[in-house]
Every structure is written in C-alpha cells, then in structure tokens.
C-alpha cells in the first residue's frame with residue numbers, strides 16, 4: 001500500500017479503537033439499565049455490534065502488521081499506486097485506472113484493487129506494452145498509453 005493508504009488505515013483504526021469502542025460501551029451500559037438481559041433485545045443488538053466492531057479492529061490490525069508500503073514516486077512501469085491510461089484493443093475505448101489497496105477499490109471510479117485481474121495483468125508493464133486479461137466474456141487486451 002502507499003503511505004497515504006497506510007495513514008488512512010491507521011486513522012480508521014484509531015477512530016474505531018477510541019470513539020467506536022466508547023459508543024458501543026455506552027449502548028451496552030444503557031441497555032443493561034433496561035432490565036432482564038435474557039429478554040433485552042437492545043442489549044443483544046449492542047453486544048452483536050460490539051463483536052462486529054472488534055472483528056473489524058482485528059482485521060485492520062492484521063492489515064497494518066502485514067502491510068508492505070511502496071513509495072508513491074512515478075515509475076516507468078505500472079505498480080501499486082500508479083495511475084494508468086490504457087486502450088482496450090478490442091473496443092478501441094480508453095480507460096483510466098488507479099491501482100490501490102483492496103480496501104480502497106472502487107471499480108466504477110477507476111480505482112482498482114492491486115489483486116484484481118486487470119491490475120495483476122498491468123503490474124510491471126511499461127508504456128506501449130499490452131496486457132491480456134481473462135474475463136467471463138473472453139480475453140481483453142489493454143495497451144498501456146500512459147503511467148503516472
């Protein structure tokens with residue numbers, strides 16, 4: 001991931017560990033005051049939300065521990081963090097992609113996961129080279145026109 005992605009991940013984790021946990025604790029405390037815990041739906045919902053929060057925190061902690069940070073400098077080859085202009089040779093349409101971490105992927109906005117088939121095919125290539133990508137509709141061939 002890029003340094004910016006790493007910083008965003010750290011900020012999200014800090015928010016969840018602080019304000020997120022505090023908010024859940026307040027919900028649980030309020031629900032406990034409502035009486036019998038066996039039949040207290042609000043208490044059970046708050047405990048379930050707490051479990052989801054803790055799972056998300058653990059997932060983010062794992063991502064931070066296993067993160068590999070790449071510099072954001074422009075390169076002559078496609079890599080994580082690169083913005084790529086490519087032409088689909090089958091349709092002659094131009095596409096813009098930015099290769100990002102899976103958490104930041106928004107394919108409709110051109111932000112594609114580094115583990116996606118398109119990104120995997122583009123990684124390591126240079127301007128003018130052609131990537132072959134297998135899709136459910138068949139092979140797509142993408143020519144790299146620019147890298148930023």
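Every number here is computed from the coordinates shown, using simple stated rules; none is lab data. Everything quoted here is computed from the prediction, not taken from an experiment. Heads up, the Cβs are rebuilt from the backbone with ideal geometry, glycines too, and the neighbour counts pull from every protein chain shown.
As a rough footprinting exposure proxy, the listed residues 6, 37 were ranked by other beta carbons within 10 Å of their own, and the order from fewest upward is 37, 6.
Classify segment 93-148 as rounded, prolate or oblate from the Cα gyration tensor: take a ≥ b ≥ c as the square roots of its eigenvalues, call it rounded if a/c is under 1.5, otherwise prolate when a/b beats b/c and oblate if not. Oblate, because a/c is 1.5 or more while a/b does not exceed b/c.
Take the Cα of residue 26, step 7 Å toward its Cβ, do the same at residue 106, and the gap between the two points is 2.8 nm. With each label modelled as a point 7 angstrom along the Cα→C-beta vector, the residue 87-residue 33 pair spans 6.8 nm. Cα convex hull, the chain: 135 Å³ per residue, rounded to a whole number. Stretching the chain fully between residue 52 and residue 10 yields a gain of 13.3 nm (0.36 nm per residue, less the alpha carbon separation). Relative contact order for the chain: 22 percent, from Cα pairs under 8 Å spaced at least 6 residues apart, divided by residue count. The C-alpha atoms of the chain define a longest principal axis, and helix 21-32 lies at about 30 degrees to it.
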